[in-house]
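J.: A single structure is presented below for examination.
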Amino acid sequence: PGILGMNMMFSCLFGVGYVIVRYRKNMVLKRLNATPVNAVEFLSAQITSRLWIVIAVSGFVFLGCDLLFDFYMLGSLWNLLFIAVLGAMALISLGLLLSCRSRSEELTGGLLNLVTWPMMILSGVWFSLEGSPEFIQQISYFLPLTHLVEGARAVMIEGASFAELAKHTLPLAVMTTTFLVLGAFLFRWDGDGR
């Protein structure tokens with residue numbers, strides 16, 4: 001679950017972040033601004049298109065690894081898919097938020113790395129945070145990758161039901177909504193620095 005979650009994080013954040021900046025630099029967004037599409041619709045479409053790609057690639061990796069290594073899976077594949085979709089939506093929304101105003105691929109890359117590294121260290125991807133100080137555990141609660149990885153582990157290793165995933169799905173839904181609303185509010189169509 002940790003490696004799959006980390007793979008999804010990189011695909012979501014960097015996949016959508018650079019695309020938005022490139023659209024802005026090439027004046028594609030400025031042309032789209034002349035259409036009746038508003039920022040929420042555009043960002044929602046970006047989430048949907050990136051979501052299909054991320055879930056397809058992650059599903060392919062999951063199935064390939066399951067065939068090769070015969071994963072230990074106690075829970076429902078539908079619950080795993082649900083937590084994966086919700087986690088991917090939160091991460092894509094975060095990528096859109098970080099790229100909502102920038103014209104510089106370098107700045108956006110730096111911002112994405114600034115968010116990526118704490119998530120890799122504090123989300124339980126590489127090691128458990130059970131013995132860490134309480135404030136570290138509290139910080140990790142506000143990271144979408146934490147809920148994605150912990151939810152996937154709960155389904156795969158503990159056989160968690162849909163109701164038991166609420167402690168992960170509710171924060172992910174709140175993060176997705178918050179990131180999308182902030183991204184739409186701060187979104188800039190033009191690419192000329194004004």
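The values are calculated or read from the model by the stated rules, or taken from the named source; none is laboratory data. On a predicted model such as this, the values are computed, not experimentally measured, just so you know. Glycine also receives a Cβ, built like all others from the backbone with ideal geometry; neighbour counts cover every protein chain displayed. Remember, those area values only see protein heavy atoms, side chains included, never the ligands or the DNA or RNA. Shrake-Rupley method; radii C 1.70, N 1.55, O 1.52, S 1.80 Å.
J.: Got at least one residue in segment 64-75 being closer than 22 Å to LEU145 by Cα and hydroxyl-bearing (Ser, Thr, Tyr)?
T.: yes
J.: Next question, about the same structure. Out of SER128, SER99, I need the residue that is surrounded by 14 or more Cβ atoms within 10 Å (Cβ to Cβ), among the small types (Gly, Ala, Ser) and at pLDDT below 90. Which one?
T.: Selected residue: SER99, the only one of SER128, SER99 that is surrounded by 14 or more Cβ atoms within 10 Å (Cβ to Cβ), among the small types (Gly, Ala, Ser) and at pLDDT below 90.
J.: Give the number of residues within segment 153-173 that are in a helix (DSSP H, G or I) and either touching a helix residue (DSSP H, G or I) at 6+ places or on another chain (Cβ under 6 Å) or over 20 Å from SER58 (Cβ atoms) (or both).
T.: The total comes to 12.
J.: Also, quick follow-up: Scan segment 25-43 and give yes if some residue there is among the hydroxyl-bearing types (Ser, Thr, Tyr) and surrounded by 13 or more Cβ atoms within 10 Å (Cβ to Cβ), otherwise no.
T.: No: zero hits.
J.: Another question, then. Starting from residues that are among the basic types (Lys, Arg) and free of Cβ contacts under 8 Å to residues at least 24 places away in the same chain, keep the ones in segment 145-194 and report whichever is nearest to MET119 (Cα to Cα).
T.: For segment 145-194, the residue satisfying everything is LYS167.
J.: Can you tell me which of (1) over 14 Å from the mean Cα position of the chain (by Cα); (2) part of a helix (DSSP H, G or I) is the one GLY17 doesn't meet?
T.: With (1) over 14 Å from the mean Cα position of the chain (by Cα); (2) part of a helix (DSSP H, G or I) applied to GLY17, the lone miss is (1).
J.: Identify all residues within segment 59-109 that are closer than 26 Å to PHE185 by Cβ, more than 17 Å from the chain's Cα centre (by Cα) and not basic (Lys, Arg); write none if there are none.
T.: Result: SER102, SER104, GLU105, GLU106, LEU107.
J.: Go through (1) under 16 Å from ALA88 (Cα atoms); (2) surrounded by 14 or more Cβ atoms within 10 Å (Cβ to Cβ) and name the single condition VAL174 misses.
T.: If we test VAL174 against (1) under 16 Å from ALA88 (Cα atoms); (2) surrounded by 14 or more Cβ atoms within 10 Å (Cβ to Cβ), just (2) comes out false.
J.: Take the residues of segment 135-163 that are closer than 19 Å to LEU94 by Cβ and of a type in the set (A, V, I, L, M): which is most open to solvent (accessible area, probe 1.4 Å)?
T.: Only one residue fits best here, namely ILE139.
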